[in-house]
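The values are calculated or read from the model by the stated rules, or taken from the named source; none is laboratory data. Bear in mind that the values here come from a model prediction, so they are computed numbers and not experimental data. Backbone-built Cβ (ideal geometry, glycine too); neighbour counts: all protein chains shown. Please note that ligands, DNA and RNA were not included when accessible areas were found on the heavy atoms of the full protein model with its side chains. Shrake-Rupley method; radii C 1.70, N 1.55, O 1.52, S 1.80 Å.
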Amino acid sequence: MPLKVEFAGEVLGTFLLVFFGCGSVCSAVTTGAFSGVVQVALIWGIGIATAIYLTGGLSGAHLNPAVTISLAASGRFAPRKIVPYIVAQMIGAFLASAVLFAIYSDAITSYEQVHGIVRGEPGSEASAMVFGEYFPNPGGKPLTAEVREIMPAGRAFFAEVVGTAVLLIVILGVTDDRNVFFPKMLTAPAIGLTITLLISLLGPLTMACFNPARDLAPRIFSALAGWKSVPFQANGLGWLTVYCIAPVAGGLLGVLIYRLFISPSYAHYPSDKPLN
């Protein structure tokens with residue numbers, strides 16, 4: 001597949017991932033449309049499955065720098081394509097954020113007015129959370145010292161590492177040609193349901209990122225859209241360590257676990273897919 005087609009596939013797929021996922025957060029926070037994290041998690045999962053079905057044939061539907069880097073580390077993806085894929089993912093996530101802001105701008109402003117939130121001032125992570133992610137999950141409210149004790153930075157980092165490792169183990173397993181007992185038509189739903197499960201478990205604590213592009217591009221957009229430095233100060237360096245570094249580290253950990261404990265069981269089947 002030509003690189004420009006793969007690039008377009010990653011832009012479109014990541015756009016859909018963020019549009020559906022962050023859109024569900026926008027709706028939950030500003031309108032109260034959903035009654036719990038599981039409903040938001042289901043939309044994330046269905047949205048990701050939809051994006052995979054649509055763009056899998058174009059780019060392989062990585063839609064996540066942690067996935068791209070991990071697949072390269074596993075030998076299933078050409079390292080020379082890592083940077084173009086990540087750039088495409090960032091573009092798609094940023095564009096989706098802009099579209100969501102255009103749709104929900106008045107709803108976000110109304111929510112801020114009702115709850116006394118001043119955009120760009122400390123505490124406005126309460127509304128910025130519809131784009132970037134924070135720990136613990138603000139739930140539409142400013143983070144207080146007492147609330148922050150629920151999920152300190154070190155524990156948030158560990159949670160994101162574990163969550164992304166689980167995600168990569170599933171991705172590697174369901175896409176391994178030697179796993180002949182898994183029906184390939186269920187690949188997208190399996191990955192989407194894994195995301196749903198992980199968000200249901202970890203969403204209340206870290207908002208369940210597992211994807212640097214999904215967090216960083218919307219976070220940058222929110223900083224440009226009036227939240228100023230808040231998205232990069234509310235959790236200190238957590239935007240970098242918890243939401244960028246931890247997912248990549250978790251993905252590589254998932255690759256290691258898969259290679260050591262799962263892949264050997266498929267050794268009598270044909271080898272992994274060649275590099276794209």
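Where residues in segment 56-80 are touching an Asp or Glu at 6+ places or on another chain (Cβ under 7 Å) and in a helix (DSSP H, G or I), which of them is surrounded by the most Cβ atoms within 10 Å (Cβ to Cβ)?
Of everything passing the filter in segment 56-80, Ser59 is surrounded by the most Cβ atoms within 10 Å (Cβ to Cβ).
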**Prompt:** Which of the following residues is in a helix (DSSP H, G or I), out of contact with any strand residue (DSSP E or B) (no Cβ under 6 Å at 6 or more places or on another chain) and at positive phi: Gly236, Gly226?
**Reply:** Gly226
**Request:** Tell me which residues, restricted to segment 199-215, are crowded, with 24+ Cβ neighbours inside 10 Å and on the phi < 0 side of the Ramachandran plot.
**Result:** Ile199, Leu202, Thr206, Cys209, Asn211, Pro212, Ala213, Arg214, Asp215
**Request:** Could you tell me whether Leu42 is within 17 Å of the chain's Cα centre (by Cα), surrounded by fewer than 19 Cβ atoms within 10 Å (Cβ to Cβ) and modelled with pLDDT of 95 or more?
**Result:** yes
**Message:** Return the residues of segment 5-36 that are open to solvent by 50 Å² or more (accessible area, probe 1.4 Å), of a type in the set (A, V, I, L, M) and closer than 17 Å to Gly140 by Cβ; say none if nothing qualifies.
**Reply:** Ala33
**Asked** Out of all the residues in segment 150-167, is one or more over 25 Å from Gly36 (Cβ atoms) and crowded, with 23+ Cβ neighbours inside 10 Å?
**Response** yes
**Prompt:** Among the numbered criteria (1) of a type outside the set (S, T, N, Q); (2) free of Cβ contacts under 8 Å to residues at least 60 places away in the same chain; (3) touching a helix residue (DSSP H, G or I) at 6+ places or on another chain (Cβ under 9 Å); (4) open to solvent by 40 Å² or more (accessible area, probe 1.4 Å), which single criterion is violated by Val170?
**Reply:** (4)
**Request:** Scan segment 100-134 for residues that are in contact with a Phe, Trp or Tyr (Cβ under 8 Å, 6 or more places away or on another chain), open to solvent by 30 Å² or more (accessible area, probe 1.4 Å) and not in a loop (DSSP other than H, G, I, E, B) and report the count.
**Result:** 1
**Complete:** How many residues of segment 216-243 are open to solvent by 30 Å² or more (accessible area, probe 1.4 Å) and not hydrophobic (A, V, I, L, M, F, W, C)? The answer is 5
